[in-house]
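The values are calculated or read from the model by the stated rules, or taken from the named source; none is laboratory data. The shown structure was predicted, so the numbers you read here are calculated from the model rather than taken from an experiment. Cβ atoms come from the backbone with ideal geometry, glycine included; neighbour counts cover every protein chain shown.
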Amino acid sequence: MSTTAAKQALKGGEFLIKETQAGDVFIPEQFNEEQLMIAQTCKDFLAQEIWPNLDKIDKQEEGLTVKLLDKAAELGLLGLSVPENLGGFEKDFVTGMLATEVLGAGYSFAVSISAHTGIGTLPILYYGNEKQKAKYIPKLVSGEWKACYCLTEPGSGSDANSGKTKAVLSPDGKHYILNGQKMWITNGGFAEVFTVFAKIDNDENLSAFIVEKSFGGITLNPEEHKMGIKGSSTRQVFFNDCKVPVENLLSERQNGFKIAVNILNIGRVKLAAAALGASKNTASKAVQYANERNQFGRPLAKYGAIRYKLAEQAIRIYASESALYRATQNIEDAINALAAGGMDHSKSLLKGVEQFAPEAAIMKVHGSETLDYVVDEGVQIYGGMGYSADAPMERAYRDSRINRIFEGTNEINRMLIVDMLLRRAMKGEIDLMGPAQKIGAELMSVPDFAAEDTTLFAAEKKYIKNFKKAILMVAGSAAQKLMMELAKEQEILMNIADMLIDLYVAESLQLRVEKLVSIKGEAAAKEQLDIMRVFINDAADRIFKNGKDAITSYAEGDEMRMMLMGLKRFTKTEVFNVKEARRRVAAKLIAENKYCF
C-alpha cells in the first residue's frame, strides 16, 4: 500500500513541477514472465497469420479480416483487459498495453483489431449497464460479433460535439428513431455492433447508443480508397429511420461527448503503443537491409550517414517507449488506488486514465511522430527499393501517416496538452503559478557557480530540472501576459506543447536508464547511456528553439531580453560528441541485426 501511495504522490501533469525518483517508474525491462508470454503469443500470431497474408489483407480479400479476428479471439487477444465474468482474461493496463504494442506491427490488421478491442468494445464495457455488458461483451470477446464506433460525420471531425445525427423517441416510447450519416468508420464493412453518437431532439450534447446491424435502417457506402491502411474496412454508414430500443441508450442522455472524450484518452495512449510496435518492426527491417545491401563494395551499414539514421531511429524509439510505459504504470497505479478506495472497476479505470490525459496526449503525438520519422528514414535506407511495393517500407510508410490524424489530430492534441495543464492550475489541482513566479525571481539572481556534481546522471538531472524552469518561465509569462487571448495564439501553444513533450520524454528516458543501471550496472547499459545523452542534448536545442519562438511572439524590450537570457541558461548543456555516441548505438544494432534495445 505504501508503494502505491508513494507512486501516487505524482498526479497527471505534475511531472512539470515535481521530481520523480527512478525507483518509482516502471521500465519495460521489468515485464514479468506472464507478460512476456502474452507478448510472444502476439508475435507468433503476427508471424503465422498476418505477415504471410499482408497483400491479401490490403486487397480486402472477402472475409479474411473477419477470419483473422476470429483466430485472434481463439487466442484470447480480443478480451485481454475484459473481466473474467464477461469472458475475458482481466489483465492489467500494462499487460494490455504490451499486447497493443506488439500487435501494432501488424499494419492494417493492427487497425482492425485495435478498433474492435478499443473503441468498439470499451464504450459498452465502461459505460454499459449490467444487462448491456452481459449481452454484448462476451460476444465481442469471443469474436462472434465485431464492433465499430460511429462518431465522425462529414461536417464534424475534431469538433465532434457538432454532429448532426439525430435520435427521436418513437410515439410509443419504445424506440429511438435514428437518422444521420457517419464517415471513416473502421470495421464498418463487417461490424454487427455499432456504438453510435447522436443528439436526442435538440439536446446540446451527444448521447450514445448501442446499435445492432439487425435493427435495420442501416446502409453502407462502398469501401473508401485510402492512402494507407488499405486492408482495414472503412465505410460511410447511413442511418435511415433505424429503430433502436430505448434500453440501448448507453449511459445517460447527453453523456455521449464525455464517453467519446474518455475513450479517446485511452485510445491516445494505446495508439502510441501500436506506433511503438510498428516502429520497432520497421527499424529492424532497416538494420537488416543495411547489413545485406552492398554499395561501392561495402554494406550500407558501414557508412556513417546510414549509421546516423539507424541510431536516430533507435534513440527516438527507446525514448518513446520509456515515456509510454512510465505513463502506463502511472495510469495503472491511479486505477488501483481508486479501486482500493471502493470505486467501481470501470469508473476507476476511466478516472485513472483521465487523470493522466495530458500524458496520454503527449504520448499520442510523440509516438505517431516517432513512427513517421522511422518509416521515412526506413524508405531512405532502402533507397529505390524503399519506393517499391515489393519491399516492406512502402507499406510501412503509407500506413504510418494516419496516426497523426487518428484519435484527434496532433495539432488538437498539442493544444489539449497545454489547455489541460492550465485548466488544472486554474482549478487549484496543480500549482503552476507558484513555481513559475519563483523562476521569475531566479532570473533576477546571480547564477549559481557551485562545484559541479560529477556523479552519474547528475548532469542530465540538472538539465531536466532546468528544462522545467524554461517551460514554467515561458508558459507562466505567456498565460500572465495574454490571459484569455492565449487560447487564440495557437502557434505559441504549439511551442509550449513541444517543450512539454520533449521534457516528459527526456525525463522518462533518464529515469529509465538510471533504473536500468541500478539493476544491471553501468557496463551493461552503455548504449542506453549514449541514447539518453544524445536525446537530452538534442531536446535542449529543440526546447531553446521553441522557447525563443514563443517569447519573441508576445514579449518585447527588456522583458524579452531577460527571458531569452534565462532561456539560454536553462537550456545550456555541456559539449558532447553525439557522432561517436550514435556510432556506438548503431554498432550494437548492426551487430544484433535488429532493433535490440
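Matching residues to (1) within 23 Å of ILE17 (Cβ to Cβ); (2) of a type in the set (D, E, K, R); (3) in contact (Cβ under 8 Å) with a residue 12 or more places away in the chain; (4) surrounded by 15 or more Cβ atoms within 10 Å (Cβ to Cβ):
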position	(1), (2), (3), (4)
LYS481	yes, yes, yes, no
ALA523	no, no, no, no
MET532	yes, no, yes, yes
ASP538	no, yes, yes, yes
ARG542	yes, yes, yes, yes
LYS548	yes, yes, yes, yes
- Task: State which residue is farthest from LEU103 (Cα to Cα) when the search covers only segment 246-290 and only residues that are of a type in the set (Val, Ile, Thr) and touching a residue at least 60 places away in the same chain (Cβ under 8 Å).
- Result: VAL246
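Is there a residue being within 21 Å of ASN85 (Cβ to Cβ) and assigned to a helix (DSSP H, G or I) anywhere in segment 352-366? Break it down stepwise before answering.
Of all residues in segment 352-366, those within 21 Å of ASN85 (Cβ to Cβ) come to 352.
Narrowing further to those that are assigned to a helix (DSSP H, G or I): 352.
Yes: one or more hits.
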- In segment 69-98, residues that are over 16 Å from LEU140 (Cβ atoms) and either buried (at least 22 other Cβ atoms within 10 Å of the Cβ) or of a type in the set (Phe, Trp, Tyr) (or both) total 3
- Query: Does segment 32-51 include one or more residues that are exposed (fewer than 12 other Cβ atoms within 10 Å of the Cβ), closer than 19 Å to GLY231 by Cβ and not assigned by TED's automatic domain parsing to the domain that holds SER508?
  - Reply: yes
- Note on the structure: From the option list ALA487, ALA550, ALA581, single residue qualifying as under 26 Å from the mean Cα position of the chain (by Cα), at pLDDT 95 or above, not charged (D, E, K, R) and not assigned by TED's automatic domain parsing to the domain that holds GLU312 is ALA550
- In segment 147-173, which residues are touching a strand residue (DSSP E or B) at 6+ places or on another chain (Cβ under 7 Å) and farther than 18 Å from GLU247 by Cα? ALA147, CYS148, TYR149, CYS150, LEU151, THR152, GLU153, PRO154, SER162, GLY163, LYS164, THR165
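Any idea how many residues of segment 178-234 are of a type in the set (Lys, Arg), farther than 15 Å from ILE119 by Cβ and part of a strand (DSSP E or B)? Spell out how you get there, then give the answer.
Step one: list which residues in segment 178-234 are of a type in the set (Lys, Arg), which gives 182, 199, 213, 226, 230.
Those left that are additionally farther than 15 Å from ILE119 by Cβ: 199, 213, 226, 230.
Applying the additional criterion that residues be part of a strand (DSSP E or B) yields 199.
Of the residues in that region, 1 qualify.
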- Message: For segment 382-401, which positions are crowded, with 17+ Cβ neighbours inside 10 Å and either in contact with a Lys or Arg (Cβ under 6 Å, 6 or more places away or on another chain) or not in a helix (DSSP H, G or I) (or both)?
- Response: ALA391, PRO392
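Which one is surrounded by the most Cβ atoms within 10 Å (Cβ to Cβ), of the residues in segment 190-210 that are over 28 Å from the mean Cα position of the chain (by Cα) and more than 16 Å from THR152 (Cα to Cα)? Give the steps one after another, and end with the answer.
Here is the first cut: in segment 190-210, the ones over 28 Å from the mean Cα position of the chain (by Cα) are 199-204.
Next, from what is left, pick out any that are more than 16 Å from THR152 (Cα to Cα): 200-204.
Numbers: ILE200: 19, ASP201: 10, ASN202: 6, ASP203: 14, GLU204: 8.
Only one residue fits best here, namely ILE200.
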